[in-house]
Number of protein chains: 2
Amino acid sequence: MVHLPPVEIKEKDLCVKMLAAPINPSDINRIQGVYPIRPPAPAIGGYEGVGEVVSVGSSVENFTTGDWVIPSPPSFGTWQTYIVKQEDSWHRVAKTVPPEYAATITVNPLTAYCLLKDFTKLNPGDSIVQNGATSMVGQCVIQLARLWDVRSVNIIRDRPGSEEAKDKLRKLGADEVYTESQLDVKNVKNLLSDVPEPSLGLNCVGGNASSLVLKILRKGGTMVTYGGMSKKPVTASTSSFIFKDLVLRGFWLQKWLASSDNMRDCKVMIDHLLSLVRDNHFKYEMELVSFDDFNIALDKALGKLGSQPKQILRF
Amino acid sequence: MVHLPPVEIKEKDLCVKMLAAPINPSDINRIQGVYPIRPPAPAIGGYEGVGEVVSVGSSVENFTTGDWVIPSPPSFGTWQTYIVKQEDSWHRVAKTVPPEYAATITVNPLTAYCLLKDFTKLNPGDSIVQNGATSMVGQCVIQLARLWDVRSVNIIRDRPGSEEAKDKLRKLGADEVYTESQLDVKNVKNLLSDVPEPSLGLNCVGGNASSLVLKILRKGGTMVTYGGMSKKPVTASTSSFIFKDLVLRGFWLQKWLASSDNMRDCKVMIDHLLSLVRDNHFKYEMELVSFDDFNIALDKALGKLGSQPKQILRF
């Protein structure tokens, strides 16, 4: 933990006392230097979070002390107790949800929202297939799909406790949940005969788990890669392109947010997602940890202490 | 060779005496059963060719004896001396080009044309990258690109005689030609600094040759797979989707032709391609073989006698 000198609050600045900020895998990747865009070092970690406005510059008109705000677009440095930045860097959110939801609504839930709406037109009764279904994006995809009456086929790793993981996902609204090994069969269509063939596939794993998504997709379907948790590449047969006419694409929230149209849309989408949380239509597992216990939270986020819920720092 | 009984010429039929028909790799794949659409057996091979109208049905209005015609859309059974089919199965072509060009203009040149026009908007000065550049589609891509002032980066196999192959492609208009091993270097951008980064990649090989296309493509570029000569799949890293934003798609002429809009366009495109041949802007290597020597031509087409030009049967 580092103490920084106080900064002056300029006329358009907000001074925000942070309330909560998560440790996302992408925060760790950024620190590891995996991402092509890097802040100048030394830098402060954290990319999203929620805070309370404690003081405003002399010409600030749209915010007042006590408001809850999130950095929008998300930006570097949410793992600190106070942040001073111009008012146009912030988006006010309703105080009707627990702060840990406002703190985490951008990176994972917004990604899930974009994945479901930007690549194919999904109509009620359609279906999608995803791997890495227990991830936070995966959990959000399941719940948004159910809200839109879209069926979800979910693939999870083979592991001890996979039956418990399947039950959890079914409770969130998953229609079908399989481990990878269950889908390594010749006639996967028989297994999935109750669900329409998915037109959209979501891949955050790569390797065999992405081959399964391609196998389950219908003719002309699209697979969107937004992560690579297995660290293995995506492999696709020639015939999957020529005869099955599949399309393979990628999604990166940071690039998506770089468009001003998307930046405007994203505030509406975030408000919508928070209203779903408020109405109990949308939830995900989190563990709140005091900022003083940052080291423990980081070990948990790095997977050093087994499978753990999303770690949320409280300031 | 099989003798079939004569058929009656109905009022809307043309009786066409075949002049020339090629042996394409896709003809062999169809016989092997690789393709998902199969004619009922026993079937006659051959998918394109040119013939002369020798007799017309009583209500045929748009054709007369002596016309040269090609099956349009291409269809099964061009490896025979006479074909009787309804007039709407045929497209009249100008007699201003050698028959072997009219016989081969659909499958490979039309594929090249579609690959260059259907996936990205190419402007003069842009560039494309392709593997399998010595293939017939590859040769057509090089010449069409040059006609449209688009630069081409071409990848060929490492093999004895690769320098000669490079020279041939350069004479057709190739801007850059490399063997795969020449491109297996860390900083491929330095090697290609004279050419703008390609927005379109064409893959008919798979395996390492498709990885090289992905490596050379610019951010946001599209790779279209239309063949898999190495019988190896396409492999792409997670970051090529997320950070490089590449799109991977496929093209299959037979599916493209199934749309009525495309069928109408294709006749205009074929006439345009034949006019390019007539004006000496478009050529490719072919070897004419008598139908009686079908066995030799087939062995050559199957690669049993080393690298050979396209085999064209003359009837």
**OP:** Give the total of Lys-Lys pairs in segment A:119-250 with Cα-Cα distances below 16 Å; include a pair only if its members are 8 or more places apart or on different chains.
**Re:** 7
Original post:
If you keep only loop residues by DSSP, which trypsin sites (Lys or Arg not before Pro) in segment A:156-258 have at most 13 other Cβ atoms within 10 Å of their Cβ?
Top reply: A:Lys186, A:Lys219, A:Lys231
Original post:
Taking the Cα centre of segment B:108-258 as origin and charging only Cβ (+1 Lys, Arg; -1 Asp, Glu), how large is the dipole, in debye to the nearest 20?
Top reply: 320
**OP:** For segment B:255-301, just say rounded, prolate or oblate: build the C-alpha gyration tensor, square-root its eigenvalues into a ≥ b ≥ c, call rounded for a/c under 1.5, and beyond that prolate if a/b exceeds b/c, oblate if not.
**Re:** oblate
Original post:
For the pair A:Asp271 and A:Phe294, how long in nm is the line joining their label points, each one 7 Å along Cα→Cβ?
Top reply: 3.4
Original post:
Which of rounded, prolate, oblate describes segment A:119-250, given a ≥ b ≥ c as roots of the alpha-carbon gyration tensor eigenvalues and a/c under 1.5 marking rounded, otherwise prolate only if a/b is larger than b/c?
Top reply: rounded
**OP:** Send over a whole-number figure in Å² for the accessible area per residue of chain B, probe 1.4 Å.
**Re:** 46
**OP:** Enumerate by residue number the GluC sites (Glu not before Pro) in segment B:1-98 meeting two conditions: DSSP loop (anything except H, G, I, E, B), and at most 15 other Cβ atoms within 10 Å of the site's Cβ.
**Re:** B:Glu8, B:Glu11, B:Glu61
**OP:** Assign unit charges at the C-beta atoms only (+1 for Lys and Arg, -1 for Asp and Glu), then state the dipole size of segment B:26-155 relative to its Cα centre in Debye, rounded to the nearest 20.
**Re:** 340
Original post:
Using a simple spin-label model with points 7 Å from Cα along the Cα→Cβ vector, what separation in nm is obtained for A:Val185 and B:Asn29?
Top reply: 3.1
**OP:** Set the Förster distance to 22 Å, then compute FRET efficiency between B:Glu285 and B:Ser75 from the Cβ-Cβ distance, nearest 0.05.
**Re:** 0.30
**OP:** Report the extension gain between B:Arg38 and B:Glu164 in nm, rounded to one decimal, defined as 0.36 nm multiplied by the number of residues separating them, less their alpha carbon distance.
**Re:** 41.5 nm
**OP:** For chain B, set up a Gaussian network in which alpha carbons nearer than 10 Å are linked by springs, and say which option among B:Leu305, B:Leu253, B:Leu122 fluctuates the most.
**Re:** B:Leu305
Original post:
Contour minus end-to-end for B:His3 and B:Val54, with contour as 0.36 nm per residue of separation and end-to-end as the Cα-Cα distance?
Top reply: 16.5 nm
**OP:** At 0.36 nm per residue, minus the direct Cα-Cα distance, what do A:Leu147 and A:Lys117 gain on full extension? Give it in nm, one decimal, please.
**Re:** 9.5 nm
**OP:** May I ask you to report, in nm to one decimal and beginning with the shortest, the distances from B:Gln308 to the same position in the other copies, taking label points 7 Å along Cα-to-Cβ?
**Re:** 6.7
**OP:** Sort shortest first the distances from B:Gly161 to its counterpart in every other copy, using label points 7 Å along the Cα-to-beta-carbon line, and give them in nm.
**Re:** 6.2
Original post:
trypsin sites (Lys or Arg not before Pro), restricted to segment B:64-148: which are DSSP loop and have at most 15 other Cβ atoms within 10 Å?
Top reply: B:Lys95, B:Lys121
Original post:
B:His281: accessible area at probe 1.4 Å, nearest 10 Å²?
Top reply: 90
**OP:** For the protein assembly as shown, just run the numbers: alpha carbon Rg, then divide by 2.2 N^0.38 Å, N being how many residues it has.
**Re:** 1.18
Original post:
What residue among B:Gly207, B:Ser135, B:Trp148 has its Cα farthest toward the positive end of the dipole of segment B:119-250, where the charges are +1 on Lys, Arg and -1 on Asp, Glu, each on the Cβ?
Top reply: B:Gly207
**OP:** Could you pull out every whole DSSP H run in chain A that spans at least 20 Å of Cα extent along its own axis and averages -1.0 or higher on the Kyte-Doolittle scale?
**Re:** A:260-278
Original post:
Tell me, what is the FRET efficiency for A:Tyr82 and A:Ser307 to the nearest 0.05, using R0 = 45 angstrom and their Cβ-Cβ distance as r?
Top reply: 0.85
**OP:** Taking the Cα centre of the protein assembly as shown as origin, work out the dipole magnitude from +1 charges on Lys and Arg Cβ and -1 charges on Asp and Glu Cβ, in debye rounded to 20.
**Re:** 720
Original post:
Using the C-alpha gyration tensor of segment A:1-124, what are the square roots of 5 times its eigenvalues, in whole angstrom, with the largest one first?
Top reply: 26, 20, 13
Subject >> Rg/Rg_ref, chain A, where Rg_ref = 2.2 N^0.38 Å and atoms are Cα >> reply: 1.04
Subject >> Position B:Pro36, label points 7 Å along Cα→Cβ, spacing to each other copy in nm (shortest first, one decimal) >> reply: 3.2
Original post:
Can you give the mean number of other chain Cβ atoms that lie within 10 Å of the Cβ atoms in peptide B:207-214?
Top reply: 1
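The values are calculated or read from the model by the stated rules, or taken from the named source; none is laboratory data. Source: prediction; values computed, not measured. Glycine also receives a Cβ, built like all others from the backbone with ideal geometry; neighbour counts cover every protein chain displayed. Areas reflect the complete protein model, heavy atoms only, side chains present, ligands, DNA and RNA absent. Shrake-Rupley method; radii C 1.70, N 1.55, O 1.52, S 1.80 Å.
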